[in-house]
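Engineer: Encoded as structure tokens, here's the structure I'll be asking about.
The values are calculated or read from the model by the stated rules, or taken from the named source; none is laboratory data. Everything quoted here is computed from the prediction, not taken from an experiment. Neighbour counts are summed over all protein chains in view; Cβ atoms, including those assigned to glycine, are modelled from backbone coordinates with ideal geometry.
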Amino acid sequence: MPLYDYKCLKCGKESLLALTLKEHETGVATCPACGSKELEQLITSFIARTSSKS
Ligand SMILES: [Zn+2]
């Protein structure tokens, strides 16, 4: 499941959320801190976070 970095526009908290593509497309992401749906996606996350298990 892809991870998305979001920044809440209400409380300013950045959250790393695991969403399915469908959830991402439908925009169901909510801030875990305050419950706001006014989230701004941070573009950097998706590429930067590669987990290498070796
Ligand atoms: Zn918030």
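Engineer: Suppose the filter is modelled with pLDDT of 85 or more and more than 16 Å from residue 1 (Cα to Cα); does residue 18 pass it?
Structural biologist: Answer is no for this residue.
Engineer: Just need a number here: residues in the stretch 24-38 that are surrounded by 12 or more Cβ atoms within 10 Å (Cβ to Cβ) and either over 16 Å from residue 14 (Cβ atoms) or in contact with a Pro (Cβ under 8 Å, 6 or more places away or on another chain) (or both).
Structural biologist: Adding up the residues that qualify gives 2.
Engineer: Additional query: List every residue pair whose Cβ atoms sit under 7 Å apart, with the two residues 6 or more apart in sequence or on different chains, where the first one lies in the stretch 1-27 and is touching a residue at least 40 places away in the same chain (Cβ under 8 Å) and within 16 Å of the ligand (Cβ to nearest atom) and the second, anywhere, is in a strand (DSSP E or B) and charged (D, E, K, R).
Structural biologist: 5/14
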